Amino acid sequence: MRVILDTNVLVAALITRHTPPDDLYSAWRDGRLTVVTSERQLQEFREVTRRVSVKLRIHPAEAGRMVNDLRALAMRVDRWPSLDISPDPHDNFLLGMAQAARADLLITGDKRDLLALGSHLGTRILTAREALGVIA
């Protein structure tokens with residue numbers, strides 16, 4: 001199963017252990033699913049984890065380890081269609097990635113924007129908790 005973990009899910013996986021985001025990250029590390037990422041998402045992740053409010057909760061080495069893992073082990077998508085679908089234009093690249101990778105799931109905590117869409121061209125958009133139910 002191909003999944004895209006929104007940056008907010010990746011950050012949440014590092015902040016709190018034994019939660020749905022952490023369980024999804026572990027499922028990927030255990031080989032139970034394929035995570036799709038891009039250089040753009042990795043850059044966004046680095047920017048978010050360098051914010052003072054996040055740096056207080058995540059050790060830089062943990063964030064760096066996650067970036068290295070994603071670079072080495074995740075499926076990479078470097079080209080995707082330009083879209084204008086999400087109410088938040090900063091999320092459109094995730095929908096484009098999902099389309100290009102033919103992802104099964106886009107997993108996010110973004111209730112107002114991405115989750116409100118429900119799906120995009122065959123990619124279901126779910127919360128981490130909902131995704132765990134589908135993956136199990």
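Read-outs: derived from the displayed coordinates by stated rules, not from any lab. Not measured: the values here are computed from a predicted model. Note: ideal-geometry Cβ built from the backbone for every residue, glycine included; neighbour counts use all protein chains shown.
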- Task: Return the total of residues in segment 87-100 being in contact (Cβ under 8 Å) with a residue 24 or more places away in the chain and either among the aliphatic types (A, V, I, L, M) or on the phi > 0 side of the Ramachandran plot (or both).
- Result: 4
- Task: Name every residue in segment 78-136 that is among the hydrophobic types (A, V, I, L, M, F, W, C), part of a loop (DSSP other than H, G, I, E, B), closer than 16 Å to A27 by Cβ and touching a helix residue (DSSP H, G or I) at 6+ places or on another chain (Cβ under 8 Å), in order of residue number.
- Result: A103
- Note on the structure: Screening D78, D84, D23, D6 for residues that are within 24 Å of T123 (Cβ to Cβ), touching a residue at least 12 places away in the same chain (Cβ under 8 Å), loosely packed, with under 15 Cβ neighbours inside 10 Å and not polar (S, T, N, Q) leaves only D78
- Message: Show the residue pairs meeting these rules: Cβ distance below 9 Å; 6+ apart or different chains; first residue within segment 101-123 and more than 21 Å from T19 (Cα to Cα); second residue of a type in the set (V, I, T) and in a helix (DSSP H, G or I).
- Response: D104/V134
- Note on the structure: The number of residues in segment 49-63 that are assigned to a helix (DSSP H, G or I) and among the hydrophobic types (A, V, I, L, M, F, W, C) is 4
